[in-house]
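First comes the structure, then the notes that go with it.
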Amino acid sequence: MSNRMWGGRFGDSPDDIMEEINASIGFDQRLFAQDIRGSRAHCEMLAAQGIISDDDAAAILGALTQVEVEIETGEFSFSRALEDIHLNIEARLTDIIGPAAGRLHTARSRNDQVATDFRLFVRDSLDHLTAQTTALMSVLAEHAETHAALIMPGFTHLQTAQPVTYGHHLLAYIEMLSRDRGRFADARARLNQSPLGAAALAGTSFPIDRHATASALGFDAPTANSIDSVSARDFALEALSAMSICATHLSRLAEEIVIFASPDFGFLELPDAFSTGSSIMPQKRNPDAAELVRAKSGRIIGALTGLFVVMKGLPLAYSKDMQEDKEGVFNALDSLSLCLAAMTGMMEKLTPVPERMLTAAGKGFSTATDLADWLVRKADVPFRDAHHITGALVALAEKNGCDLADLTLADMQNVDARITDDVFSVLSVENSVASRTSFGGTAPENVRAAAQSWRAALKNV
Ligand code: ARG
């Protein structure tokens, strides 16, 4: 038997392998809610335009609701022979109301249908990711305020650079996540046009109202070109790009949790709820959740790469290649959503170890820049020379096996006679961070103010 939905010109049924490679119902059933939303809007528009009768429209709308309930309750039986979600739903409508169901597909093709469904799905998902990102930012902002003055080493090249505060470090991630939210919003704004009514690729001869369906579905406008409407997947690429960047940020945070919670650093204590033990080494507490957040960025970036490769050689308009757009996006969305949830849970319960952070902050001559700055400010030395003099003092301290603050004034004056006792006031890590009052700097008062303003801003989103 040929395919009941499109087999008019076919004498024979598809080969079993053909059916297997062709079918997308195994994964595109996730689009059922969006597909039904799109069909409702299309059906109401067809009736309003007098293209189908009010009676047929009422029957179709009633059957759509029944199908929706059947799918939600798990009663619906999906058929691979019916290929995809669109044909599965349409076939069931026909079972329920008979030939009137066949009028729903007037002035529509699966090409504009799937483009509409997928846009709606990505839009819903971006809204969800945005809310999750906001929740993570709120947790970070709360901790940033609590730990605005908690001193830790700041690193460059993972070498101790200058003291910073833990709150300041956390605020850096809030900035990244806030740009991620901005990218989700940009992607959402650009995708928010309705392809419905572009039909197969050329538009339709029926007097449809694409503005009405666009607005019924919450789109800002209908897409302007029917060929582009069914060919475009850049909305998915853009969403995946924004998701890849966000996943990269989470991965960096995860990497820092792994490093900072390792016994050698000991800056952070992992909560029991987000760590695991070893089956052989009883002392272990492993940061598996952080490691998996770090690793899952791989599949999200992989989905972006995968879709680029699918799309890059396709002629306009629709090609079946585009059916391969969905699984990667679904997987990336699920993964990022899980990573955001795991990171929020972890950050909520992660506790810093102040003594370890403070001790480490003083190591590695971390106030050397403060010393150089003192020479510039108090002894009127040009910064380049001050850098050189400080380098000599660091070498001396290293040779003596002590910190800069442990050098005697006589030792220092041997290197440069302009140094006075006052220099010792800038060599402590506390003074170092307190002095960084420039806009965006790590001074605890700056950090507290920034954390408070983030907390206030995040309450209002
Ligand atoms: N399942 C298809 C997809 O996901 C729907 C569109 C099919 N269109 C077609 N002309 N065969 O892309």
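Laboratory data are not the source of any read-out in this text; all were calculated from the coordinates shown. Treat the numbers as computed from the prediction; the structure is a model and nothing was measured. Cβ: placed from backbone, ideal geometry, glycine included. Neighbour counts: every protein chain shown.
Under 16 Å of direct C-alpha separation, and excluding same-chain neighbours fewer than eight residues apart, LYS326 reaches these aspartates and glutamates: ASP28, ASP35, GLU83, ASP84, ASP112, ASP117, ASP124, ASP234, GLU238, ASP334. Dipole orientation for the chain: of the candidates GLY440, VAL376, THR130, VAL376 has the Cα lying most toward the positive pole (charges on Cβ; Lys, Arg +1; Asp, Glu -1).
Neighbours of ALA450 by Cβ distance under 11 Å: Lys/Arg scored +1, Asp/Glu scored -1, total -1.
Let me know the shape class of the stretch 372-460, please: from the alpha-carbon gyration tensor, a ≥ b ≥ c as square roots of the eigenvalues, rounded when a/c is under 1.5, otherwise prolate if a/b is greater than b/c, or oblate.
prolate
Counting Cα-Cα pairs of the stretch 83-140 in 10 Å increments starting at 0 gives whole-percent bin shares of 19, 32, 22, 15, 10, 2. Taking amide hydrogens as placed 1.01 Å from N in the peptide plane, the amide H of MET152 sits under 5 Å from those of VAL164, THR165, TYR166, each at least 5 positions away in sequence or on another chain. The amide H of GLY364, built 1.01 Å from its N in the peptide plane, has no neighbour under 5 Å, considering only residues 5 or more places off or on other chains.
Looking only at the stretch 150-281, where both bridge partners belong to it, what percent of the DSSP beta bridges are antiparallel (to the nearest 5)? If you can, show how the numbers build up before the last one.
Details: 6 of 8 bridges.
If I count the DSSP bridges inside the stretch 150-281, around 75 percent turn out antiparallel.
Please report the antiparallel percentage of the DSSP beta bridges confined to the chain, to the nearest 5. If I count the DSSP bridges inside the chain, around 80 percent turn out antiparallel. Per q in 0.10, 0.15, 0.17 Å⁻¹, report the Debye log10 I(q)/I(0) for the stretch 266-412, using one uniform scatterer on each alpha carbon and no solvent. Each listed q maps to, in turn, -0.71, -0.87, -0.95. Judged by the mean number of other Cβ atoms found within 10 Å, the most tightly packed of the peptides 255-262, 62-69 leads the ranking 255-262, 62-69. Overall, the stretch 64-141 carries a charge dipole of about 260 debye about its Cα centre when +1 sits on the Cβ of Lys and Arg and -1 on the Cβ of Asp and Glu, all other atoms neutral. Under the simplified labelling scheme, the PHE10-GLU327 pair shows an inter-label distance of 2.1 nm, with each label point 7 Å from Cα along Cα→Cβ. Counting Lys and Arg as +1 and Asp and Glu as -1 over every other residue whose Cβ lies under 10 Å from the Cβ of THR390, the net charge comes to -4.
Note on the chain: dipole from Cβ charges, positive end direction compared against PHE121, ILE17, CYS246; the farthest Cα belongs to CYS246.
Summary of the geometry: the stretch 248-262 and the stretch 337-378, compared by the centres of their Cα atoms, lie 14 Å apart. Rounded to the nearest 20, the size of the Cβ-charge dipole of the stretch 293-400 about its Cα centre is 160 debye, with Lys and Arg at +1 and Asp and Glu at -1.
Can you check what the Kirkwood hydrodynamic radius comes to for the stretch 230-327, Cα pairs only, in Å to one decimal?
Working: mean 1/r = 0.0630 Å⁻¹.
When all Cα pairs of the stretch 230-327 are included, the Kirkwood radius is 15.9 Å.
Placing unit charges on the Cβ atoms of the charged side chains and taking the dipole of the chain about its Cα centre, the candidate lying farthest along the positive direction among LEU270, LEU191, ALA57 is LEU191.
Dipole magnitude for the chain: about 600 debye, using +1 per Lys or Arg Cβ and -1 per Asp or Glu Cβ, origin at the Cα centre.
Shape class for the chain: prolate, because the ratio a/c of the largest to smallest gyration tensor axis (alpha-carbon atoms, square roots of eigenvalues) is 1.5 or more and a/b beats b/c. Coupling constants for the stretch 421-432 follow from the phi torsions by the Karplus curve (6.51 cos²θ - 1.76 cosθ + 1.60, θ = phi - 60°), and in residue order they are 4, 4, 4, 5, 5, 9, 8, 8, 5, 4, 5, 4 Hz; glycine and proline get x. Shape of the stretch 130-193 from its Cα gyration tensor (a ≥ b ≥ c, root eigenvalues): rounded if a/c is under 1.5, otherwise prolate when a/b > b/c, or oblate? Oblate shape, in that a/c is at least 1.5 and b/c is the bigger or equal ratio. Cβ-to-Cβ counts within 10 Å put THR351, THR442, THR156 in ascending order as THR156, THR351, THR442, the fewest first. Mean sequence separation of contacting Cα pairs (under 8 Å, at least six apart), scaled by the length of the stretch 109-245, corresponds to a relative contact order of 30 percent.
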